[in-house]
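Accompanying notes for the structure given below.
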Amino acid sequence: MYIFKNACKNLMRNGWRNTLVAVILTIMLAATTVVLLLRDAAGAWIRDFQNSFSIETTMGVDWSYAEKHMQTQEVTNEDGSVSMVSTFEPEEVPMEVWDKIATSQYLKKAQLAACTGFVSDELQAVKMDESLSRMEGMTLEELMDLFGVKTEEELYTIMSKKDAERIMDFKKDMIGQIYCVSDPKLLYEFANGMRELSEGRFCEKAGEVIVCEEFAKTNNLRIGDTFTVEGARKGDHDVRELKLVGIFTDHYAKANAADVWVGVSASDMVATYETLSYLGFSDVYPLEESIHYYVKDTDSLPLFEEEARSMGLPDSYSMKYEIEDYESIVNPVEKMSDFAASFGGITLLVGTCVLVVLMIINIRDRKYEIGVLRAIGMKKSHVARGIIYESFTIVGFAAVLGVLLGRLLVKPVLRFASPSNMEITKFIGEDMRFTFPVVGTALGLALVCGIIGIFFITRYEPMRIFRSAQ
Amino acid sequence: MNTQSILKVENVSYHYEKTTRNVIDRMSAEFEKGKLYVLTGRSGAGKSTFLSLLAGLDKVSSGKILYKGKNLCDMDADAYRAREIGVVFQGFNLLKNCSAVENILLSRHISEQSGAKLDREKEREEVLSDLSKIGIDPSTAERKVMHISGGEQQRISIARALSHDPDIVIADEPTGNLDAENAHAIMKIFEHLAHDKGKCVIVVTHSTDLRSYGDVVMEIGAKR
């Protein structure tokens, strides 16, 4: 016990030197605490961000690919002249492929979207300007008339033969399209305020739909009403019941009547993606621009693309993603975290070097004291124990101060170091897990101090010291 | 007066590391309890070296030093210094940053490793009382050694050597830094320790005046 008491008294006796050592240790341990807390907070922030954020990916026709694979054909004009027309008909990607891609393990979620035409004995379309009449169900002559061409060949330079045949395969009395999307709220028109829910709620289950105010008015529909629909293709005869759960205002259709296209038709309905299977209509048209895949992280992007190709995504389709958004947000935080680690490492390294030098000076200065203690019978092991007690006491004191100081400093440091508008401070851990590595570091430093002490003590024999003093 | 032999030097030689010349050459002597030995000799004769061998601070190159019949080389030198012998060093060798009381308490604590625990407050009072007996008042006793005079430091050094009640007290030039009056006062203390307390006191001095205090006067470096 006297060794410990003497060690404590020695700390006071060599006050200025121990104060210097304590200050250095406190700075080192406070820096370690700050770095650990900061990295922990940054890691938690990134994890949280990754959970809420993903890389939005869309797939569409690769026009540079299309340019390289154009097919050129001769077209005879009305006046008998011949023109060369280059066309590219992209491969159609059926909805099954988009569905399959949505099951990829690299995705956080997927927004699938497709539309299907419908007819109904109970409903009628909103009256539109005749110039905006639907093409679906038109005959070949009507299509040629619509586009002002005389021959089929000319028509097929405007639209593909496949599209024309698809249009002609519709029933004449098609009312509109049912837009089936995974999350209707995220549909472009709703997300950008062109459409706004004015009554009821968004559809959540299969068989629920929302319609435009004009459509509800035309058909005298109220929330909760049910009605039956049928597929718009000539071969579709199954009848399905739908339930109205919400009514929306179509600002875009109102404001831009002249630009109204089928996509914003007043007679269209919006439903969940599950409704597509529920309806089972043969006409399923993937809304490629509205299909979004949310990839988990940047590392998964190439893997996801590879998987999508293996699932049937053709070469003529390219993948587009906003990786810059993800990186521009995550990278500064990662950089800050890495910088903090480097700073902490350098502080620890420099601090340890300074500490070692100080300890060597300290022990050498105390050579005489060690000589006296040995001369009056103190064992080497007891002198060493005294030095170790001193080291551990001072390191323990510095560790407590360092942890407290580090905790105090971490918030202002984080506010200063983290990119603006990022609330990383709220991710600073409240538990004391971080103290374990700090205590570990402190023990390491105490051991360094102790080992230096023991190394020198074992070299100092009292007579040698006294002789050199004489 | 107790005159039993306690320390025996048998044919001891000593040379420093990396040299072959013996500083002490085949020396033999016997020391008894209750006697004051005065060791003299010219400078460099090996007086202090001889004391350091007796104190267990150094090891003989050849020969034997027997403490109560046991060879010092076979004993735990630390325990021997801590309990059996008290050394008054030439330069006092006190802990400068500590007070007189702390110096003496530390020596007592080192010596009582396996002894019974004492009431620390009572022990402190004992130390203060012992110091006052050799002329160190309590206020001086509580001051840091570096702030007190050489004569007082010498007394404290003697008090420390006696703090654990050793059988042997050795002193290397204990009066070297003192005036004649103080030197005689110190020698009186050693005389008292030998004759009244029954200690074996070995004093190295180059002062011819102080030879008269010795029951035995030995000249180091002289032909035996």
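The values are calculated or read from the model by the stated rules, or taken from the named source; none is laboratory data. As the structure is a prediction and not an experimental result, all values here were calculated from the model. Here the Cβ is made from the backbone with ideal geometry for all residues, glycine too, and neighbour counts use every protein chain on show. What goes into the accessible areas is simple: the full protein's heavy atoms, side chains included, and nothing from ligands, DNA or RNA. Shrake-Rupley method; radii C 1.70, N 1.55, O 1.52, S 1.80 Å.
Key figures
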read-out: Karplus 3J(HN,Hα) series, Hz, for region A:212-228 with 6.51 cos²θ - 1.76 cosθ + 1.60 (x for Gly, Pro); value: 6, 3, 5, 5, 4, 5, 4, 9, 6, 9, 10, 4, x, 5, 10, 7, 10
read-out: Set A:162/A:243; A:9/B:68; B:68/B:133; A:5/B:133; B:47/B:70 screened for pairs whose C-alpha atoms are more than 32 Å apart; value: A:162/A:243; A:9/B:68
read-out: A/B buried area, accessible surface, summed, 1.4 Å probe, Å²; value: 2100
read-out: Inter-site label distance for residue B:167 and residue B:30 at 7 Å from Cα along Cβ, in nm; value: 1.5
read-out: Long-range amide H partners of residue A:117 with built H, under 5 Å; value: A:178, A:232
read-out: Rough spin-label spacing in nm, given labels placed 7 Å along Cα→Cβ, for residue B:43 and residue A:433; value: 7.2
read-out: For the protein assembly as shown: accessible area per residue (Å², 1.4 Å); value: 49
read-out: Nearest 10 degrees, 0 to 90: helix B:120-133 Cα axis against chain B principal axis; value: 70
read-out: Helix-only CD estimate at 222 nm, as mean residue ellipticity for chain A, using -39500 (n - 2.57) per DSSP H run (n ≥ 4); value: -16500 deg cm²/dmol
read-out: Within region A:374-434, trypsin sites (Lys or Arg not before Pro) in DSSP loop having at most 12 other beta-carbon neighbours inside 10 Å; value: A:433
read-out: Largest-first ordering by accessible area, 1.4 Å probe, given options B:184, B:147; value: B:147, B:184
read-out: Exposure ranking of A:151, A:441, A:33 by accessible area [1.4 Å probe, largest first]; value: A:151, A:441, A:33
read-out: For region B:133-203 versus region A:258-333, the gap between their alpha-carbon centres in whole angstrom; value: 98
read-out: Karplus-derived 3J(HN,Hα), 6.51/-1.76/1.60, for each residue of region A:269-284, Hz, glycine and proline x; value: 10, 10, 9, 6, 5, 5, 4, 4, 5, 4, 6, x, 6, 6, 7, 10
read-out: Residue B:192 - accessible surface, heavy atoms, 1.4 Å probe, Å² rounded to 10; value: 80
read-out: Peptide A:377-383 - average C-beta neighbours from other chains (10 Å radius); value: 6
read-out: Residue-by-residue Karplus 3J(HN,Hα) for region B:199-216, coefficients 6.51, -1.76, 1.60, Hz, glycine and proline x; value: 8, 8, 10, 10, 10, 9, 8, 9, 7, 5, 4, 8, 4, 5, 6, x, 6, 10
read-out: Amide H within-cut-off set for residue B:203, under 5 Å, with H built and near neighbours excluded; value: B:37, B:38, B:39, B:171
read-out: Given A:185/A:320; B:8/B:188; A:367/B:64; A:367/B:144; A:100/A:171, the pairs whose alpha carbons are separated by over 27 Å; value: A:367/B:64; A:100/A:171
read-out: Amide hydrogen neighbours beyond the local backbone of residue A:109, cut-off 5 Å, H modeled; value: A:294
read-out: Residue order for A:321, A:156 - accessible surface, 1.4 angstrom probe, largest first; value: A:321, A:156
read-out: Anchor residue A:411: lysines whose Cα lies under 16 Å away (excluding residues fewer than 8 positions away in-chain); value: A:426
read-out: Rg/Rh for region B:91-224, where both radii come from Cα atoms and Rh is the Kirkwood radius; value: 0.99
read-out: Gain in span if fully extended, residue A:451 to residue A:103, counting 0.36 nm per residue against the direct Cα distance; value: 119.3 nm
read-out: In Å, descending, principal axis extents of the Cα set of chain A; value: 123, 56, 35
read-out: C-alpha center-to-center spacing [region A:422-460, region A:208-249] in angstrom; value: 69
read-out: DSSP H segments from chain A that extend 30 Å or more along their own axis, Cα-based, with Kyte-Doolittle mean of 1.6 or above; value: A:435-457
read-out: Proportion of all alpha-carbon pairs of region A:57-322 beyond 34 Å (%); value: 25
read-out: Rounded percent of accessible protein surface that carbon and sulfur make up, the protein assembly as shown, 1.4 Å probe; value: 52
